[in-house]
Amino acid sequence: MNPSLPSEVQMGQLRRLVPLNRLPIPAFERLVKQLPIETAVRGQLLFREGDIDHHHIYLLSGSVSLLSGKEVVESINASSDTARYPLAHQFPRRFSGRVEAAVTLVRIDTWLLNDLLAGYLSEEDYRVDEVQNSASDWMSQLLQSRVFQMI
């Protein structure tokens, strides 16, 4: 796989990916400048069933088959809505990923992405501003708790 930096077209493709589409633009731009775009050829394995590499792999062009053993479970084309999500994102991986038509892809470290997303979640998004029940109601007390609001 030959890594390169994303082109303008690829930047647009990356912006559609879930959960990258939730990042504020400055954070998104900082992240994608660090992401090498890779290429792979037909027949190449991108990952194997049981891998725990902790990378989200997104397909930007081409197609990939997900395999359970030697059986094709699903084929994913970069133009499909499914390609907006990481390929076989469970760890350990439940499937192997084999290139069916030459692909361009991006690998994003799962921990980096989680940290980045967590850093941009606003406390305001989850604040309980008004509670109409009495203070003796256990749910009201829980919702007003500072610890619960931080969760």
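Each value in this text was obtained by applying a stated rule to the coordinates, not by laboratory testing. All values reported here derive from a predicted model rather than from experimental measurement. As a convention, Cβ positions derive from the backbone with ideal geometry for all residues, glycine included, and neighbour counts pool all protein chains shown.
Along the Cα→Cβ direction, 7 angstrom out, place labels at residue 68 and residue 49. What is the inter-label distance in nm?
It works out to 0.8 nm between the two label points.
Calculate, in nm to one decimal, what residue 109 and residue 85 gain on full extension: separation in residues at 0.36 nm each, minus their alpha carbon distance.
7.2 nm
Work out, step by step, the length gained on full extension between residue 7 and residue 120: first 0.36 nm times the residue separation, then minus their alpha carbon distance; give nm to one decimal.
38.2 nm
Cα convex hull of segment 1-111: how many Å³ per residue?
Value for segment 1-111: 91 Å³ per residue.
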